[in-house]
Each structure stands twice: as C-alpha cells, then as structure tokens.
Amino acid sequence: MLKKLSTTVKIWIVLLEILVVLLVFALAYNFFLPIGKNGRVVHFDEKNITSVLESLSQNGYNITDWDHLLIKQSTLPKKGWYRIGHTDEGRYHFFAKLSAHPLETMNIKVYAGETHAELLHRLANDMKLDEKKLTQIYYALATFKEADIFAGTYEIAREADENTTLSYLFHTSQQKLKHFFDAHYYNKPDSYTLKLLLTIASIIQKESNDPKEMPLISSVIYNRLKRDMKLQMDGTLNYGKFSHTIVTPERIKTDNSFYNTYKYKGLPPEPLATVSLAALEAALFPAKSDYLFFMLDKNGGHRFAATYEEHLKNLKAFRQYQQSRQASVAKDANRTQTTAKK
C-alpha cells in the first residue's frame with residue numbers, strides 16, 4: 001500500500017514539475033522574449049496567419065514558431081495599414097491587439113514613363129518625407145535603376161516613413177510581377193531576362209500609352225533586333241534627366257551614350273523609366289507582324305510600315321499635316337490680331 005502511495009506521489013510530483021516548467025516557459029515567452037519596437041507602421045497584405053506573421057517579421061518583429069499557435073487564438077487584422085502597439089504588455093496582449101490601431105491612408109500615383117527621381121521627389125512632397133533618405137533606401141532595394149516599381153495607384157498610410165513607404169512599393173510591385181507571370185503561365189524569369197523585358201517595355205512605354213498599339217510597337221523592336229538593325233527610336237533617348245525632353249537632330253548627333261539607338265545597335269543598357277503591366281505584356285507577347293517602322297499620325301496614334309518606302313509616305317503625310325496645322329494656327333492668330341485692331 002505504501003509502495004503504491006509512493007508511486008502515486010512521485011507521479012504527482014513529476015506532473016507538478018512539468019506544470020511549473022510549462023508555467024515558467026509561458027511566463028518567459030509572454031513577458032521576457034523580446035517582441036520589437038512599439039509604434040511601427042505595418043501593412044498587412046492578407047488576412048491569414050502566414051501573411052500576418054511574415055509582415056511582422058519583415059518589419060523587425062521577433063516572430064517565433066510558437067507564435068503560429070498563439071495567433072490562432074486572436075482576431076487577425078484585415079488587409080490594410082496599422083500602427084503596432086502593446087509590445088510592452090506581453091506577447092498574448094500584443095497579438096490580441098494587432099488590429100487595434102488602423103491608420104488613415106492616402107493614394108499615391110506612380111505614373112508610367114516617369115523616372116525614379118521624379119517619383120521620389122513627389123513622394124517627398126506629398127508625404128512630407130526626406131528625399132535624400134528615400135533615394136538611399138531606393139538604391140538599397142532596387143534591382144535595376146528604373147522599372148522595379150510598376151505604374152499604378154498605391155494606398156499608403158499617411159504616417160509611413162521613408163523605409164516603410166518604399167518597402168511597400170517594392171514588395172507590392174514584386175507581388176504584381178509574380179501574379180503577372182502566374183497569369184500568363186510563365187515562371188518568373190532570371191534577373192538578366194527580366195532586365196531585357198523591362199527595357200523593351202520601357203521603350204514601348206516611351207513610344208505610346210495606348211495598350212492597343214503596344215504589341216505592334218513591340219513587334220517593330222523585335223523585328224529590327226532580329227535583322228540586326230539599329231532601333232533608331234527617339235524614346236530610348238528619353239532617359240534620366242532627358243526623360244521628357246524633345247529629341248532633336250542635334251541631340252541625336254551629340255549624345256554618345258548607349259541609349260542612343262541611332263548610333264548603336266541593340267537595346268539600351270537599362271530600363272528607361274517606370275512601366276505599366278500592359279507594356280510588360282506587350283514586351284513578352286509582341287504582335288506577329290513584318291513591320292519595321294512606325295510614325296505618328298494626325299490622330300496622335302501611329303502608322304506602321306513594313307518597308308522604308310511605306311514609311312516615307314507616312315512621314316510625308318504627317319509632315320504635310322503639321323504644315324497644314326501650323327498654317328491654320330498662323331491664320332487664326334492673324335485673324336485674332338486683325339479683330340483686336342478693329
């Protein structure tokens with residue numbers, strides 16, 4: 001009897017020791033395991049455990065395997081921007097209050113065809129951020145000088161700092177890129193191939209904003225490259241500080257950079273500017289054509305030609321239209337002056 005009682009006591013003692021160990025672990029886990037800084041601005045991409053914990057980890061919070069179990073007992077925050085608090089009240093309270101501080105947001109427009117410098121300047125003005133810090137962070141995150149961030153509208157917390165803002169823009173653009181290739185049943189290409197596609201897309205973007213024309217312009221680029229012809233496109237000279245300048249014959253003569261496709265064969269060395277997904281799609285799927293030339297028409301679109309003779313006709317037609325329009329403008333100006341004198 002005493003032997004049985006002794007065994008029972010031992011079992012209870014072991015169980016009590018296990019409970020004490022678990023209690024000590026739980027207390028240490030809750031109160032003494034560092035979580036991270038209070039007050040950070042975080043964006044949650046999706047309302048699921050993996051995504052929420054990844055967002056916290058990417059923003060510098062100390063996430064453990066045990067947190068996957070703990071967060072199941074909490075209400076997950078919806079997709080959006082939040083200020084993280086309660087890091088000094090224990091991990092249980094931290095996860096229970098993740099969605100307690102939603103933030104006011106603003107829409108930021110990233111324009112197709114603009115350079116990263118133009119984008120960063122606008123972000124600094126619109127969000128009251130430090131442009132130098134933005135530039136430093138941009139170069140730290142960028143794979144290419146241009147085109148890592150896609151054109152579109154982005155919803156960002158007004159309180160987001162330089163690092164949070166750019167991290168969000170880069171991360172969201174990477175998601176767009178993944179969804180783009182998934183939708184077209186393509187694996188994401190390696191860095192070199194992606195650079196070529198983005199460079200072609202940026203040329204297309206500089207030449208036209210019309211998604212219907214983009215595959216045709218893309219076909220001209222590919223056709224000329226296949227024939228080992230110079231691209232001879234004005235858009236390639238709209239790089240960097242020349243992004244929105246008119247390309248003149250003098251500029252073509254004096255620009256000795258490899259962006260000058262009137263002098264050098266092949267593609268420019270880097271993407272020219274921000275691109276839209278429509279331009280990237282055109283770069284990936286050019287139209288099937290025998291076109292080697294295109295020229296502006298009077299409606300603001302382009303006329304395409306397979307031969308130089310056709311191209312000269314299109315060029316002549318556009319110049320005649322320009323001359324006619326200039327004459328009409330001059331005539332209207334004279335009429336206005338005559339009326340004013342009367």
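The values are calculated or read from the model by the stated rules, or taken from the named source; none is laboratory data. Please read these numbers as outputs of a predicted model, since none were measured by experiment. Cβ placement follows ideal geometry from the backbone for every residue including glycine, while neighbour counts extend to all protein chains displayed. Keep in mind that these areas ignore ligands, DNA and RNA; they rest on the heavy atoms of the full protein, side chains included. Shrake-Rupley method; radii C 1.70, N 1.55, O 1.52, S 1.80 Å.
Some observations on this one:
- Set of lysines with alpha-carbon distance to Lys128 below 18 Å, sequence-local pairs under 8 removed: Lys109
- Partners for Lys313 among aspartates and glutamates (Cα-Cα distance below 18 Å; same-chain residues under 8 apart left out): Asp290, Asp297
- Degrees separating the helix 308-341 axis from the principal Cα axis of the chain, which is the longest one: 80 degrees
- Out-of-range pairs (alpha-carbon distance over 25 Å; input Lys145/Lys265; Lys212/Lys265; Lys226/Lys288): Lys212/Lys265
- Segment 180-219, accessible area per residue, ligands and nucleic acids excluded (1.4 Å, Å²): 50 Å²
- With the highest mean first, a sort of the peptides 180-188, 64-72, 261-269 on other beta-carbon atoms found within 10 angstrom per residue produces 261-269, 64-72, 180-188.
- Summarising the amide proton neighbourhood of Asn62: residues at separation of 5 or more, or on other chains, whose placed amide H is nearer than 5 Å comprise Gly36.
- By accessible area with a 1.4 Å probe, ligands and nucleic acids excluded, highest first: order of Phe304, Phe258: Phe258, Phe304
- Rounded to 10°, Cα long-axis angle of helix 131-141 versus longest principal axis of the chain: 80 degrees
- Structure-derived Kirkwood radius over Cα pairs in Å - corresponding label in (i) 21.6; (ii) 20.4; (iii) 24.7: (iii)
- Compared with the dominant principal axis of the Cα atoms in the chain, helix 214-226 is inclined by about 80°.
- Highest-fluctuation residue, Ala287, Ala157, Ala147 considered, GNM on the chain with Cα pairs under 10 Å: Ala287
- Reachable aspartates and glutamates from Lys132, criterion Cα separation under 15 angstrom, eight or more residues apart if same chain: Glu118, Asp161, Glu162
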